[in-house]
1. What fraction, in whole percent, of alpha-carbon pairs in the stretch 23-73 exceed 17 Å separation?
2. Students often get this wrong, so check it: of Lys2/Lys39; Lys4/Lys70; Lys4/Lys66; Lys4/Lys72, which have C-alpha atoms separated by over 24 Å?
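Values quoted throughout were computed directly from the atomic coordinates according to the rules given, and no laboratory measurement underlies them. Here the structure is a predicted model, which means the values were calculated and not measured.
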Amino acid sequence: MKTKLLFFIFSLLFFINSNAQCAMCRAVLESEAGQGTAKGINNGIVYLMAVPYVLVFGLGFFIYRKYFTKPKA
């Protein structure tokens, strides 16, 4: 259990610091003078990447809670 918790924490920390841009987006946005648009696009990509993980985690949590909690007598 302790190993799973540590793995989850490290995964979360590496996920927060990740940068996700495709090669075409990076090439177009690096040629721009200001980097504000590039940061906005990068944050949007990370947001779109995070939503499925949150949904799957939530679904897994509810399934776990349904099958592994003791019924009240």
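1. 57
2. Working: Lys2/Lys39 36 Å; Lys4/Lys70 22 Å; Lys4/Lys66 20 Å; Lys4/Lys72 28 Å.
Checking Cα-Cα distances, Lys2/Lys39; Lys4/Lys72 exceed 24 Å.
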